[in-house]
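First up is the structure itself, then whatever we jot down about it.
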Amino acid sequence: MTDDLHRPGHHAHHPHAPRPTQAVVLAGGQGSRLRPYTDDRPKPMVEIPGTGTPIIGHQLAWLAAEGVTDAVVSCGHLAAVLQDWLESAELPLRVTTVVEKEPLGRGGGLKFAAARLPHADQPWYATNGDIWTRFSLREMADFHHERDAVATLALARPRIPWGAVETNEFGHVLDFIESPPSPYLINAGVYVFSAAFTSLLPERGDHERTTFPRLARERRLAGFPLPHGAYWRAIDTAKDLTEAAKELSSGPPPSGRGSLESTPVRPLHD
């Protein structure tokens with residue numbers, strides 16, 4: 001199968017800004033807050049109700065649709081379950097798996113997986129294995145290139161899951177706001193990395209405490225706000241699964257048309 005089949009319109013953009021055709025998916029998390037779903041499978045193998053497909057299946061289909069031909073999936077917790085599924089599934093791209101023999105931390109895990117990418121001298125995408133999202137990775141890659149960044153992270157503006165209360169300076173309640181958008185953007189768990197980024201990652205430890213702050217100080221880290229109306233959800237708890245299923249049944253499929261604004265999202269910790 002030629003790369004061209006995976007890359008519709010791949011020669012339409014500027015030849016000096018190659019968009020990534022390779023990606024790392026971090027799929028080793030314990031998923032403790034998704035129990036009992038994760039008692040017998042890793043978090044990315046949990047099915048989105050009503051789709052018959054695990055989270056990672058949706059992710060790989062999205063990556064392939066965005067021009068990715070090769071993905072490295074980093075496994076950990078119950079790795080064999082994930083590897084068995086990948087072997088038996090009809091996948092739209094080439095997939096390699098790696099298993100950390102000992103926990104390397106998020107940065108070390110990224111570096112370990114990136115070593116298996118087919119093109120060490122080319123840029124790459126990375127995504128957390130429990131994110132379900134749809135937006136244009138090609139636009140994000142162009143944004144990354146235009147800013148001459150070493151790394152770019154997607155940014156989501158979650159809705160706060162609680163109602164907010166607005167008061168005046170005297171303490172009188174003025175208004176109640178149901179699930180307001182957060183004033184802050186959060187890391188959406190999707191990245192574009194230049195080839196040079198790999199060597200900046202720690203062998204073990206968390207790149208978000210080391211590599212990212214350093215790049216930010218050097219103004220070489222960019223943040224790509226998800227386009228308005230992009231669908232994004234972190235599948236973190238059983239409630240997230242229920243909500244995702246509800247969104248599937250009530251509206252158009254998440255092809256970028258579901259609203260981020262209507263989705264209570266939260267950053268991932270485990």
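What shape does the stretch 87-190 have by the C-alpha gyration tensor, where a ≥ b ≥ c are the square roots of the eigenvalues, rounded means a/c under 1.5, and otherwise prolate means a/b greater than b/c and oblate the rest?
Judged from the Cα gyration tensor, the stretch 87-190 comes out prolate (a/c at least 1.5, a/b above b/c).
Please give the length that would be gained between Arg116 and Phe176 if that part of the chain were fully extended, namely 0.36 nm times their separation in residues minus their C-alpha to C-alpha distance (nm, one decimal).
Separation in residues times 0.36 nm, less the Cα-Cα distance, equals 16.5 nm.
By its C-alpha gyration tensor, with a ≥ b ≥ c as the square roots of the eigenvalues, how is the stretch 13-126 shaped: rounded for a/c under 1.5, else prolate for a/b larger than b/c, else oblate?
Note, shape of the stretch 13-126 comes out oblate.
Which value, in debye to the nearest 20, gives the size of the charge dipole of the stretch 30-97 about its Cα centre, when Lys and Arg are +1 and Asp and Glu are -1 at the Cβ?
With only Lys, Arg, Asp and Glu charged at Cβ, the dipole is about 260 debye.
Taking a ≥ b ≥ c as the square roots of the Cα gyration tensor eigenvalues, with a/c under 1.5 meaning rounded and otherwise prolate when a/b beats b/c, else oblate, which class fits the stretch 151-247?
Since a/c reaches 1.5 and a/b is larger than b/c, the shape of the stretch 151-247 is classed as prolate.
Place a +1 charge on the Cβ of each Lys and Arg in the stretch 22-248 and a -1 charge on the Cβ of each Asp and Glu, then give the dipole magnitude about the Cα centre in debye, rounded to the nearest 20.
About 440 debye.
Could you name the lysines in cross-link range of Lys246, using Cα to Cα under 29 Å and dropping any fewer than eight places away on the same chain?
Hits, sequence-local ones excluded: Lys43.
Can you pull out the GluC sites (Glu not before Pro) in the stretch 128-196 whose DSSP state is coil and whose Cβ has at most 10 other Cβ atoms within 10 Å?
Glu169, Glu178
Please give me, ordered by residue number, the trypsin sites (Lys or Arg not before Pro) of the stretch 123-152 that lie in loop per DSSP and have at most 11 other Cβ atoms within 10 Å.
Of the trypsin sites (Lys or Arg not before Pro), not one in the loops of the stretch 123-152 has a Cβ with at most 11 other Cβ atoms within 10 Å.
Restricting to bridges with both residues inside the stretch 22-248, how much of the DSSP beta-bridge set is antiparallel, in percent to the nearest 5?
Counting only bridges with both partners in the stretch 22-248, antiparallel ones make up about 50 percent.
For a quick check of your reading of the filter: which trypsin sites (Lys or Arg not before Pro) in the stretch 39-125 sit in a DSSP loop and have no more than 13 other Cβ atoms within 10 Å?
Lys101
Output wanted: per-residue J couplings in Hz (rounded whole) for the stretch 47-55, from phi through Karplus 6.51 cos²θ - 1.76 cosθ + 1.60, θ = phi - 60°, x for Gly and Pro.
Ordered by residue, 3J(HN,Hα) equals 7, 6, x, x, 10, x, 10, x, 3 Hz.
How much length, in nm to one decimal, is gained on full extension between Asp39 and Thr210, taken as 0.36 nm per residue of separation minus their Cα-Cα distance?
The span from Asp39 to Thr210 would gain 58.3 nm if fully extended.
Just to be sure I understand the curve: with the Debye formula and one point per C-alpha of the stretch 22-248, what is log10 I(q)/I(0) at q = 0.09, 0.14 Å⁻¹?
These q points yield log10 I(q)/I(0) values of -0.39, -0.91.
Quick check for you: with a 1.4 Å probe and neighbouring chains kept, what is the accessible area per residue of the stretch 22-248, in Å²?
46
Asn168 versus Glu203, label points 7 Å from Cα toward the beta carbon: distance in nm?
Result for the modelled spin labels: 6.3 nm.
At what distance in nm do the modelled label points of Lys101 and Glu87 sit from each other, each positioned 7 Å from its Cα along Cα→Cβ?
2.1
Where Lys and Arg each count +1 and Asp and Glu each count -1, what net charge lies around Val72 among other residues with Cβ under 14 Å from its Cβ?
The answer is +1.
The values are calculated or read from the model by the stated rules, or taken from the named source; none is laboratory data. In this text, all values refer to a predicted model and were calculated from it rather than measured experimentally. Virtual Cβ from ideal backbone geometry, glycine too; neighbours counted across all protein chains shown. The area values use the complete protein model at the heavy-atom level, side chains included, leaving out ligands, DNA and RNA. Shrake-Rupley method; radii C 1.70, N 1.55, O 1.52, S 1.80 Å.
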